[in-house]
Amino acid sequence: MKRHNFSAGPCILPKEVMLKASEAILDFDNGLSLIEISHRSKPFVDVMEKARALALELLGLEGKGYKALFLQGGASTQFLMVALNLLEKRAGYLNTGTWADKAIQEARIYDDVYEVASSKDANFNFIPKGYDIPTDYDYFHCTSNNTIFGTQMKSFPDCDIPMVCDMSSDIFSRKLDFTKFDLIYAGAQKNMGPAGTTLVVVREDILGKVSRKIPSIMDYKVHIGKSSMFNTPPVFAVYTSMLTMEWLKNLGGIPAIEKENNKKAQLIYSEIDLNPLFKGYAMKEDRSKMNATFNLTNEDLKETFETMLDEEGINGLNGHRSVGGYRASMYNAMPLDSVGVLVDIMSELERKA
Ligand code: PLP
């Protein structure tokens, strides 16, 4: 039976990428495996350099003062690394969900953090708007897509201070003016590759301004100085991410994948809105094109619906425990056909009920 993976992560990748990545485990360099050759050998250094260059190219940031790094420790490590490297006195955070909240808690260890706005009281079902960002803060931090609650920032404030964005769950999924951001980070495991590496794209000129001593492995400048090879990099995750970025480039880059993502989102949200058995969780204007969150309006149908999902090979549709209901995660590699299968089940449920 064909299976359709709607899981929020990790990770959904194009089949051709999976195939190439698995071949490299057996034979990457004349019979040697990708995971056994030296990370300092030319074949792997070339991979790292290509991955770094592709990330900047896809985001339209080459030659604009940015550096790309592939680090370890997940996006969660970036919550504290951002603060260690940029927070001198005070920073402003937009609290739009669990991950933003965690980023705030970590930054507070180092200094003063102010929430410019929050949707916590509404269990994060919308993105706050119309807030002020004080110009004397060190930086402003936001989360572009809230994986758990299914909301997504459709626009970003004009910011006079450095803007930092956690793009873990929608990196490379839609066109944005990426020059608006001074630091972008994203765990690989949604739109890039297996868990184990985190993309950081940073404008070099915002670094080196804090007075604290930064441990080397936490210092972006050290990683830049070592061309993202300060210590042994997660070679498989970086290689697979490079393959996914190549796949995306050959497809036509972010503009091409955005068209596909729009079709998938349109398909699922029109079903949620037309079918009286379902109700969307997030406010319509803030709906995520990566993670669609919804509930059944009649809980008595739960068992029937979930049996139908199982029978058609739908995997990973359960909502996060803090929201309940269902979450259809539709990352870049999710085919439109799979969303079609899910939508057919939803309308079949309405016919049956
Ligand atoms: N930020 C966002 C938006 C996420 O979706 C996640 C994980 O799903 C994280 C941060 C945490 O990432 P990691 O598990 O790589 O630390």
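Using bins of 10 Å that start at zero, the share of Cα-Cα pairs per bin across segment 257-302 amounts to 26, 53, 19, 3, in whole %. Distance check, please: which entries in K89/K213; K120/K175; K67/K221; K50/K209 exceed 19 angstrom between their Cα atoms? The pairs that break the limit, which is 19 Å between Cα atoms, are K120/K175; K50/K209.
Computed from the alpha carbon atoms alone, the convex hull of segment 233-290 holds 124 Å³ per residue. Derived from the Cα gyration tensor, the three semi-axes of the equivalent ellipsoid of segment 254-352 are 21, 15, 13 Å, largest first. The simple Förster model, with R0 at 51 Å and r as the Cβ-Cβ distance, assigns K2 and Y114 a FRET efficiency of 0.55. Label-to-label distance, D273 versus D27, with points set 7 angstrom from Cα along the beta-carbon direction: 5.3 nm.
Every helix of 4 or more DSSP H residues in the chain counts as -39500 (n - 2.57), and over all residues that averages to -11500 deg cm²/dmol at 222 nm. Report the trypsin sites (Lys or Arg not before Pro) located in segment 1-109 that are in a DSSP loop and have at most 14 other Cβ atoms inside 10 Å of their Cβ, or state none. Counting only loop positions with at most 14 other Cβ atoms within 10 Å, the trypsin sites (Lys or Arg not before Pro) in segment 1-109 are K2, R3, R40, K64, K89. Packing here is the average count of other Cβ atoms within 10 Å per residue, and on that basis the peptides 237-248, 181-192, highest first, run 181-192, 237-248. Extension gain for N250 to R90 (0.36 nm times residue separation, less C-alpha to C-alpha distance): 53.4 nm. As a length-normalised measure over Cα pairs under 8 Å and 6 or more apart, the relative contact order of the chain settles at 24 percent. Size estimate for segment 15-251 follows the Kirkwood approach: the inverse of mean 1/r over distinct Cα pairs works out to 18.3 Å. Close amide H pairs (under 5 Å, H built 1.01 Å from N) link F278 with T297, residues at least 5 positions away or on another chain.
Between the alpha-carbon centres of segment 135-153 and segment 63-101 there is a gap of 11 Å.
Every read-out reported here was derived from the displayed coordinates using simple, explicitly stated rules and does not represent laboratory data. The structure displayed is predicted, hence computed values, not measured ones. Positions of Cβ are backbone-derived with ideal geometry, glycine not excepted, and every protein chain shown enters the neighbour counts.
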